[in-house]
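Inspection log for the structure reproduced underneath, given as structure tokens.
The values are calculated or read from the model by the stated rules, or taken from the named source; none is laboratory data. Every value quoted in this text rests on a predicted model; they were computed, and no experiment measured them. Note that each Cβ is placed from the backbone with ideal geometry, even for glycine, and that neighbours are counted across all protein chains shown.
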Amino acid sequence: MSLEDEFARYRSELVAHCYRMLASLHDAEDAVQETYLRAWRGFAEFEQRSSVKTWLYRIATRVCLNMLKHSSRRMVPSALGAPGTDPDDLEAPVREATWLEPFPEPLSNADPALVVGTRQSLRLAMVAALQYLPPRRRAVLILRDVVSWQASEVADLLGTTTAAVNSTLQRARAELARLAPEEDEFAEPDEPVRRALLDRYARAFERADMVALEGLLTEDTRWEMPPIPTWFDGRRDVLRLLAAKLRPGEGQRILVETSANGRPAFAMYTRGRDGAFHAHTIQVPTLTKAGVSAVLTFHRADLFPFFGLPIDRYPPG
């Protein structure tokens, strides 16, 4: 297998790995490009004491650690302060802030067991929690618990001892357990309940049907809208926000189902004065047996192509 084939074989895995480290799809893509440049330049010195996959992961991790020296932690609005209550008093978007970004469905052609593990490690709540760990601690936890490296391999990469890696891993796991919710706290309902919930949500949102949405949102639901720093907590305030911001009636918006971070998601298009529908937001709802308990709504039209979606959609005819 040629080096180009090896690169293509592991590209999606490496992008996912860099995304866990950086919490940004754009930064992850840049990191993988830099990884390949370094791999090309250093291939003559590659002595094949490890697999090409391990070698690429080593390079990618170093690239991410270097990038993290010059960047701040990526956040969600709820990490910045208390929720808002007035939908007419939204803070201005903070474009220069380092916001968490969603990640398209990964590893579509990979081994099913790998896909399941990858989805769990790419949950938005998990990725957001990882950002609170110092970069080296983050790298240790990801390499040990997600990539399944031996402690000795991680120690060799980071220039430290196996004992230090094990100690760091223990601290990282303890911090993550405190920061990230347990899986059973947000487990999605089984099919066909899950399918029905998604369909009802999409129809209600497209029609701006507040009565239907009230029946779908949990009492403690949360709504966040990066890069808008204002966020809303609780069904009453979230419904007030949606009632104020959604133009009523059918034909004003379209929700196209996609997936992000291993979970169902929607791309929302809104109708413009030209009659076409234009990219507006990527919505990532958290589904529970009680209903929709949170929605992260990314106001980023530039993300649509990464999800394989057009910026504009035109009505038939």
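Pick out the one residue from GLY262, GLY251 that is farther than 19 Å from LEU100 by Cα and modelled with pLDDT under 95. Even if it seems obvious, please write down each step before you answer.
Values: GLY262 fails: farther than 19 Å from LEU100 by Cα.
Of the residues listed, the single one that is farther than 19 Å from LEU100 by Cα and modelled with pLDDT under 95 is GLY251.
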Original post:
Is one or more of the residues making up the stretch 242-257 closer than 19 Å to VAL127 by Cβ and under 18 Å from the mean Cα position of the chain (by Cα)?
Top reply: no
Original post:
Within the stretch 130-247, which helices (runs of 4 or more DSSP H) (wholly inside it) include 1 or more residues that are surrounded by 14 or more Cβ atoms within 10 Å (Cβ to Cβ), among the charged types (D, E, K, R) and in contact (Cβ under 8 Å) with a residue 60 or more places away in the chain?
Top reply: 135-141, 151-158, 193-207, 235-245
**OP:** Return the total of residues in the stretch 25-53 being modelled with pLDDT of 95 or more and not in a helix (DSSP H, G or I).
**Re:** 0
Original post:
Can you find a residue in the stretch 303-315 that is out of contact with any Gly (no Cβ under 8 Å at 6 or more places or on another chain), within 27 Å of TYR19 (Cβ to Cβ), assigned to a strand (DSSP E or B) and of a type outside the set (D, E, K, R)?
Top reply: no
